[in-house]
Amino acid sequence: MSLPPRPERLDVRPDLVRRLVAEQFPQWAHLPVDPVDRPGWDNRTFRLGPAMTVRMPSAAGYAEAVAKEQRWLPVLAPQLPLPVPVPLGHGVPDRDYPFPWSVYGWLDGRTAFEEAPADPVRFAADVARFLVALGRVDPAGGPQPGQHNWFRGGPLTTYDAQTRQALRDLAGRVDVAAARSVWEEALAASWDGVDRWFHGDVAPGNLLLSGGELSAVIDFGTCGVGDPSCDLAIAWTTFTGAARETFRAELGVDDATWARGRGWALWKALITIDESEHVVEEILRTR
């Protein structure tokens, strides 16, 4: 299976967003448009007045998620224990912007990247409970893994060649033998084949806190139905010690799912090694 090339990203400016909103949603034309502090990678995000946000895909590969979120977030939202973005408007391409885009209700809070949880163990438990609830939503008709979500929820073999190339490139920087053993264990860990909903990018930047507590989960661009082990990568990228143990206990996953989740964490850390060398060490040190 071939992977999509890394897309070239657009620089979306506030004046373009103001014009698109005014032309396509004139009822909101009077509202100010301002970039958020962390505008995002897959999407450029803007505040629209006090109660809405505009998300503009930064490249064609990310634009595929717009229709999916418009279709499925209204289905998922009432079945989840925490707020998630709910679409309020579906924008269309125009002469200056080539992709569909979305207007959502604004969710208050600061990301777990910007603010530390008050209690890391309770935070890990809350994240796990959210994922359990997500996994219980009926997957019938849901989006299968594909280029719309960079094959999250699919088999780890999709990234086997990329991972093995990274290990060759990183000889001397990481313990290649130990990392290869972890990767091969993940590849050998079987999935039961039962489709379940997953988020696809459970990371501090997509988890909102209020008063130090998990208050909302955002950015469902990589969501889908399939093998949910991809959502376990946060166990190594963010959680440690008792928090990791609590996360696993609340999820109630078997050893095979845990091993695949460790594989997802290793793949991501290896391909972003300059940012994640400490994560690789943590993955190899713990199970």
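Of everything in the range 23-62, what is of a type in the set (A, V, I, L, M), at pLDDT 95 or above and either touching a Phe, Trp or Tyr at 6+ places or on another chain (Cβ under 6 Å) or assigned to a helix (DSSP H, G or I) (or both)? Give them in sequence order. Outline the logic, then answer.
So in the range 23-62, the residues of a type in the set (A, V, I, L, M) come out as 29, 31, 33, 36, 48, 51-52, 54, 56, 59-60.
Next, only the ones that are at pLDDT 95 or above stay: 29, 31, 33, 48, 51-52, 54, 56.
The answer is Val33, Ala51, Met52, Val54, Met56.
Quick check on Leu156: is it in the same structural domain as Val253 (by TED's automatic domain parsing) and in contact with a His (Cβ under 7 Å, 6 or more places away or on another chain)? If you could, list the steps in order and put the result at the bottom.
On the way: in the same structural domain as Val253 (by TED's automatic domain parsing): yes; in contact with a His (Cβ under 7 Å, 6 or more places away or on another chain): no.
The answer is no for Leu156.
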Scanning the range 193-226 for residues that are of a type in the set (Asp, Glu) and either free of Cβ contacts under 8 Å to residues at least 40 places away in the same chain or crowded, with 24+ Cβ neighbours inside 10 Å (or both) gives Asp219
Pro100 fails exactly one of the following numbered conditions: (1) in contact with a helix residue (DSSP H, G or I) (Cβ under 7 Å, 6 or more places away or on another chain); (2) in the same structural domain as Glu250 (by TED's automatic domain parsing); (3) surrounded by fewer than 19 Cβ atoms within 10 Å (Cβ to Cβ). What is the number of that condition? (2)
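For residues in the range 151-210 being of a type in the set (Val, Ile, Thr) and assigned to a loop (DSSP other than H, G, I, E, B), which is nearest to the chain's Cα centre (by Cα)? Can you show your working first?
Applying the first criterion (of a type in the set (Val, Ile, Thr)) to the range 151-210 yields 157-158, 163, 174, 176, 182, 194, 202.
After this cut, where a residue has to be assigned to a loop (DSSP other than H, G, I, E, B) as well, the list is 194, 202.
Values: Val194: 21, Val202: 5 Å.
Applying the filter and picking the extreme gives Val202.
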For the range 149-164, check the following and say yes or no: at least one residue is at pLDDT 95 or above, within 16 Å of Arg262 (Cβ to Cβ), crowded, with 17+ Cβ neighbours inside 10 Å and of a type in the set (Val, Ile, Thr). yes
Would you pick out the residues in the range 64-91 that are in contact with a helix residue (DSSP H, G or I) (Cβ under 9 Å, 6 or more places away or on another chain) and in a helix (DSSP H, G or I)? Glu64, Ala65, Ala67, Lys68, Leu76, Gln79
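Okay, residues lined up against (1) more than 17 Å from Arg110 (Cα to Cα); (2) among the small types (Gly, Ala, Ser); (3) not assigned by TED's automatic domain parsing to the domain that holds Pro143:
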residue: Ala29; (1), (2), (3): yes, yes, yes
residue: Pro32; (1), (2), (3): yes, no, yes
residue: Pro35; (1), (2), (3): no, no, yes
residue: Arg47; (1), (2), (3): no, no, yes
residue: Tyr62; (1), (2), (3): yes, no, yes
residue: Ala65; (1), (2), (3): yes, yes, yes
residue: Arg71; (1), (2), (3): yes, no, yes
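The values are calculated or read from the model by the stated rules, or taken from the named source; none is laboratory data. Just so we're clear, the structure is a prediction, and the values are computed from it rather than from any experiment. With ideal geometry, Cβ positions are generated from the backbone for all residues, glycine too; neighbour counts draw on all protein chains shown.
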